[in-house]
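Have a look at the structure below, then the notes.
The values are calculated or read from the model by the stated rules, or taken from the named source; none is laboratory data. These numbers were taken from a predicted model, which means no experiment stands behind them. Positions of Cβ are backbone-derived with ideal geometry, glycine not excepted, and every protein chain shown enters the neighbour counts. In case anyone asks, the SASA skips ligands and DNA or RNA and just uses the protein heavy atoms, side chains included. Shrake-Rupley method; radii C 1.70, N 1.55, O 1.52, S 1.80 Å.
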Amino acid sequence: MKSRIPVVLLACGSFNPITNMHLRLFEVARDHLHQTGMYQVMEGIISPVNDNYGKKDLVPSHHRVAMARLALQTSDWIRVDSWESEQAQWMETVKVLRHHQSQLLRSATQMEGLDPGKAPSDPKAAPELKLLCGADILKTFQTPNLWKDSHIQEIVEKFGLVCVSRVGHDPKGYILGSPILCKYKHNIHLAREPVPNEISATYVRRALGQGQSVKYLIPDSVIAYIKDHGLYVMDGSQKGRGTQRNKEKTS
């Protein structure tokens, strides 16, 4: 029987705050890849965006990382990584992918007992790294001046996408409408969420600001953290820094 290709899923985004929908993306994507019979998902990584992303209501990254860690306490295969959030400036998604790819190659090298400066004898020894996103992100690839064409091509050609369906979006149409995506459509995996899940962090922030319940939309541990630290209240949640708006994001 042919061995499966190991895969690591990476999701970039604000996670402001992390929601149950973010967690479901990983589960749906893993099921889809496993059902192809070609892949074995080894790990999932959540990478919260840097504070300098410039979103007006973005709470500081140390809170977003802490909330993600709490949310992932019940997962045995997804983890949060703070590298992106700890950089001196906002990082484009492709640069985050490059960083994690280098980490995977380094780990493969160490497993082979080679010097850190040497590449593994078999590049395929390292798992494939794929960007995980919702179908709405495919649409943003069409937004002028938001993504660089060279970055879109590198993402879909070198890494690949696992895109989970969202209500009101036509991922197949987005692919057909983009010459780059169409060329590398074999490296874009479209996973269908069997139970429509439209929980959004935007709604969660609004509900919290209005004193409404968000129970069952985000993990209880995250709700407790938000309350303990006074996050997303009407007069205290606008802690984003910077003025840039037209920047790529993946969740």
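So here's what we get for this one:
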| read-out | value |
| --- | --- |
| Subset of region 71-92 (residues that are more than 20 Å from Leu23 (Cβ to Cβ) and outside any loop (DSSP other than H, G, I, E, B)) | Trp83, Glu86 |
| Of residues in region 69-105 being among the basic types (Lys, Arg) and either farther than 19 Å from Ile137 by Cβ or touching a residue at least 24 places away in the same chain (Cβ under 8 Å) (or both), the one least open to solvent (accessible area, probe 1.4 Å) | Arg79 |
| Verdict on Arg206 being part of a helix (DSSP H, G or I), open to solvent by 60 Å² or more (accessible area, probe 1.4 Å) and either out of contact with any Leu (no Cβ under 7 Å at 6 or more places or on another chain) or modelled with pLDDT of 95 or more (or both) | yes |
| Residue, farthest from Glu128 (Cα to Cα), within region 41-70, restricted to residues that are part of a strand (DSSP E or B) and among the hydrophobic types (A, V, I, L, M, F, W, C) | Ile46 |
| Residue selected from region 184-201 under the condition modelled with pLDDT of 95 or more and either over 24 Å from His34 (Cα atoms) or aromatic (Phe, Trp, Tyr) (or both), by the criterion surrounded by the fewest Cβ atoms within 10 Å (Cβ to Cβ) | Tyr184 |
| Selection status of Tyr39, buried (at least 17 other Cβ atoms within 10 Å of the Cβ), closer than 20 Å to His100 by Cα and under 17 Å from the mean Cα position of the chain (by Cα) | no |
| Those residues of region 132-180 which are within 22 Å of Ser14 (Cα to Cα), open to solvent by 30 Å² or more (accessible area, probe 1.4 Å), outside any helix (DSSP H, G or I) and of a type outside the set (S, T, N, Q), in sequence order | Pro144, Leu146, Lys148, Arg166, Val167, Gly168, His169 |
| Per-region count, region 216-245, residues modelled with pLDDT under 90 and open to solvent by less than 40 Å² (accessible area, probe 1.4 Å) | 3 |
| Only listed residue being open to solvent by 50 Å² or more (accessible area, probe 1.4 Å), assigned to a helix (DSSP H, G or I) and without any contact (Cβ under 8 Å) to a residue 60 or more places away in the chain, chosen from Arg30, Arg24 | Arg30 |
| Pairs, first closer than 18 Å to Asn197 by Cα in region 208-226, second among the aromatic types (Phe, Trp, Tyr) and in a helix (DSSP H, G or I), C-beta under 7 Å, six or more apart | none |
| Residue pairs meeting the criteria (Cβ under 6 Å; at least 6 apart or on separate chains; first in contact (Cβ under 8 Å) with a residue 40 or more places away in the chain, in region 194-207; second surrounded by fewer than 17 Cβ atoms within 10 Å (Cβ to Cβ) and not in a helix (DSSP H, G or I)) | Glu198/Val167 |
